[in-house]
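Okay, structure first, notes after.
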Amino acid sequence: FSITCYRSRDCHHTTTRSYTHICPLPPPPLPPLGLPSRYSHREKRERLGREREREMPAGQVNHNGVGPTAAMVPTYPPPESEAEESWVWAQIKAEAHRDAESEPALASFLYATVLSHPSLARSLAFHLANKLCSSTLLSTLLYDLFLHSFSPSPSLISAVVADLLAVRHRDPACASFSHCLLNYKGFLAVQAHRVSHHLWTQNRRPLALALQSRIADVFAVDIHPAARIGKGILLDHATGVVVGETAVIGNNVSILHHVTLGGTGKAVGDRHPKIGDGVLIGAGATILGNIRIGEGAKIGAGSVVLIDVPPRTTAVGNPARLVGGKDKPARHDDLPSESMDHTSFIQEWSDYII
């Protein structure tokens, strides 16, 4: 199988590899990138600040205490509107351009995955295709599959943008939107699952199951294509996450690594957990059976949950018990999936001291 390089008219390179060939010729110069017009006044200030910082001695910081590259990274989320996608995509391209200039070793990779694409949908489709391809499941086939799923579906792209914003906002280790898009396997696994679920609903189930298998192989995340997942999802670290066939995950949910949403045996039918909006599930938690985790609930790390958990409560332990007791459980006002608070319940739960 041979693919002719399409990056330049002057390039005649070919490849016998199954993934998309990246031309070694340098990319053409890119036009200046900026934010949408509603942010132009802020962008002007930031550009002025960067010009001043170029005149500073090496290593010196500006009056805000940040280095020269920090101004390119947004410190606030965009407004909830139809402009979210274009805003986020502008940020991703600006970040990729900055990183390509500061780290030449990544320039070709960043050009191929981000800077050469006109939209977030095409960039994500290209990146997922090259991540999930194999010697028999070609990247060209996967690219068309992902692109034809994302492009005509505004709901899928809005979910992608919501997930990017969720990761950037909730994970302090997430340095930028482009870092999430390119390197966060939890984010990538969820986006690939959205396509496999789309195929499942179109009754293309063999292909959906094949894609699920590749997602599990590459990202170590096993989500059945029939499982329904909302938007604003954070799979933090993501390794070992298992989500069963009839599971439902609401909007703005945060799930850490080695979480299982499973069944209780080999019974068929509706047999997996239903996770409400705004839920936080700690690392290593196991939730089994057709039970409901109420809106804004918190599941402590390592817990085994076998019965319903009321909204805005915390369940901890094996088997899990409600903090404050079953009759009058302690309730919290914050949304744990956004606060990412894993430990505030400890004083109410136990007086154990090391």
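Data table
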read-out	value
The stretch 172-212, accessible area per residue, ligands and nucleic acids excluded (1.4 Å, Å²)	38 Å²
Farthest toward positive dipole pole in the stretch 204-354 [+1 Lys/Arg, -1 Asp/Glu at C-beta], among A220, G282, H272	H272
Residue-normalised accessible area of the stretch 96-135, expressed per residue, 1.4 Å probe, Å²	39 Å²
Selection from L165, S135, A105, by position along the positive dipole direction of the stretch 82-215 (Cβ)	S135
FRET efficiency, H169 to L306 (Cβ-Cβ, R0 25 Å, nearest 0.05)	0.20
Share of carbon and sulfur in the accessible heavy-atom surface of the stretch 87-199 [1.4 Å probe, %]	59 percent
Full-extension gain in nm, D270 to I291, via 0.36 nm per residue minus C-alpha separation	6.6 nm
Residue-span extension gain [K326 to R205] - 0.36 nm each, minus C-alpha spacing	39.3 nm
Nonlocal amide H pairs with R271, under 5 Å, H built at 1.01 Å	T246
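The values are calculated or read from the model by the stated rules, or taken from the named source; none is laboratory data. Model, not experiment: these values are computed from the prediction. Don't worry about glycine lacking a Cβ; one is built from the backbone with ideal geometry, like all the others, and counts go over all protein chains shown. When the accessible area is computed, the model is the full protein with side chains, heavy atoms only, and any ligands, DNA or RNA have been set aside. Shrake-Rupley method; radii C 1.70, N 1.55, O 1.52, S 1.80 Å.
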